[in-house]
Amino acid sequence: MKKINQQPLRIGMIGFGAIGQVVADGIIAGRAGNARLVAVLEQFAQEYRAAGHQLACDPTITFTEDAARFNAAQFDLAVEVAGQEALKCHALEVVQRGRDILVASIGAFTDEVFFDRLLESAAEHGARVLLTSGALPAVDWMSAAALAGEGTVSITQSKPVESWRGTPAAKMVDLDGLRAATCFFESSAREAASRFPKSSNITAMLALSTVGFDETKVRLVADPTRVEMHTLIEFHSRAGSLRVEWQGVPLARNPSTSADVPLTVIKGIRNLCSTVHYGL
């Protein structure tokens, strides 16, 4: 009988912002299964230590802004929750060391040169690039149905005005003057995910798992009447059709993203720790 490894999955986390802090709390509280946080790479590590943040001052965790020190730590899985630029800076080093990486900033993969290089390097060194579903539901069914061919998919993201502040939307529409829902962007997932890196990783995941970046149609809407995020996906293929509509709650620490995003990262870690995977 095969013996099950009871050793915890050691996590090295890239980023300790709004998403990363929720993920770290989840790991420490045991919600991510048999996992242990051993290292954090954070550009503002000194500020966290100076402020006396408990995790930043924990001697059992390598909490650092130094990429070399982070990569020297003994972790099994890197978890990226720091944004597209951080992913591009650090992902190659992770996989070149033969370590898997769980990615939240999937919009970075609109850069096909980077994506191809990362996948080639991972294959060469026996590592895996794992993509979180993020705020995207039904990705398991849609990715399977897309294999039937002749698929089409569109997504409309309607968010409160506050969720679009600090993004390119502020230059495309008068956010303060809006009185009704207004579509300010309509294009492909490739353009949406690259122009709105903090808001539209969901479009990148949808595109990669179904019909591709250029074929996935995206509409972005600012709605002053909303306090929640509303998303609509319409998918069609020869295997069937699906219409998914849901409300998401903005993350309190960062209203440009959804509260469910760090939870999907926690669930992903839990799946990797477990003998059973849900929604594979």
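Between Glu112 and Arg253, take the C-beta separation as r, use R0 = 30 Å, and let me know the FRET efficiency to the nearest 0.05.
Details: r = 32 Å, r/R0 = 1.06.
The value I calculate is 0.40.
Tell me, in nm to one decimal, what length is gained between Gln74 and Trp246 on full extension, where the rule is 0.36 nm per residue of separation less the Cα-Cα distance? Walk me through the intermediate numbers first.
Numbers: separation 172, 0.36 × 172 = 61.92 nm, distance 3.97 nm.
Between Gln74 and Trp246, full extension yields 57.9 nm more.
Would you mind computing, in nm to one decimal, how far apart the modelled labels at Arg219 and Lys198 are, each placed 7 Å from Cα along Cα→Cβ?
Modelled inter-label distance: 2.6 nm.
Mind pulling up the Rg/Rh value for segment 139-248? Radius of gyration and Kirkwood radius, both on Cα.
Values: Rg = 14.2 Å, Rh = 14.2 Å.
In segment 139-248, Rg relative to Rh is 1.00.
Nearest 10 degrees, 0 to 90: what angle lies between the long axis of helix 18-29 and the longest principal axis of the chain (Cα atoms)?
50 degrees
State, to one decimal in nm, how far the label point of Gln43 lies from the label point of Ala67, with both points 7 Å from Cα in the Cβ direction.
Placing both labels 7 Å beyond Cα along the Cβ direction yields 1.2 nm.
Under a Cβ-only charge scheme (Lys and Arg +1, Asp and Glu -1), can you give me the dipole magnitude of segment 139-248 about the Cα centre, in debye to the nearest 20?
Details: 12 positive and 13 negative charges, 36 e Å.
Roughly 180 debye for segment 139-248.
Nearest 20 debye, what's the magnitude of the dipole of the chain about its Cα centre given +1 on Lys and Arg Cβ and -1 on Asp and Glu Cβ?
Details: 27 positive and 30 negative charges, 134 e Å.
Using Cβ point charges on Lys, Arg, Asp and Glu, the chain gives about 640 debye.
Relative contact order for the chain using alpha-carbon pairs under 8 Å, separation at least 6, rounded to a whole percent?
Numbers: 560 pairs, mean separation 56.5, N = 280.
With pairs under 8 Å counted, the relative contact order is 20 percent.
I'd like the distance separating the alpha-carbon centroids of segment 74-95 and segment 100-115, in whole Å.
The distance from the Cα centre of segment 74-95 to that of segment 100-115 comes to 10 Å.
Determine the relative contact order of segment 144-226: mean sequence separation of Cα pairs under 8 Å and six or more apart, normalised by residue count, in whole percent.
RCO, segment 144-226: 48 percent.
Between Trp141 and Leu232, 0.36 nm times their residue separation minus their Cα-Cα distance comes to what? Don't skip to the answer; put the middle values down first.
Numbers: separation 91, 0.36 × 91 = 32.76 nm, distance 1.57 nm.
Result: 31.2 nm gained on full extension.
Can you work out the FRET efficiency for the pair Asp176 and Gln7, with r the C-beta to C-beta distance and R0 = 51 Å, to the nearest 0.05?
0.45
For segment 235-280, which trypsin sites (Lys or Arg not before Pro) are in a loop by DSSP, counting at most 16 other Cβ atoms within 10 Å?
Details: sites: Arg238, Arg243, Arg253, Lys267, Arg270; in loops: Arg238, Arg253.
Qualifying residues, ordered by number: Arg238, Arg253.
Bear in mind these aren't lab numbers, they're just calculated from the coordinates by the rules spelled out. As the structure is a computational prediction, the values presented were derived from the model and not from experiment. Counting neighbours? That spans all protein chains shown, and the Cβs are built from the backbone with ideal geometry, glycine included.
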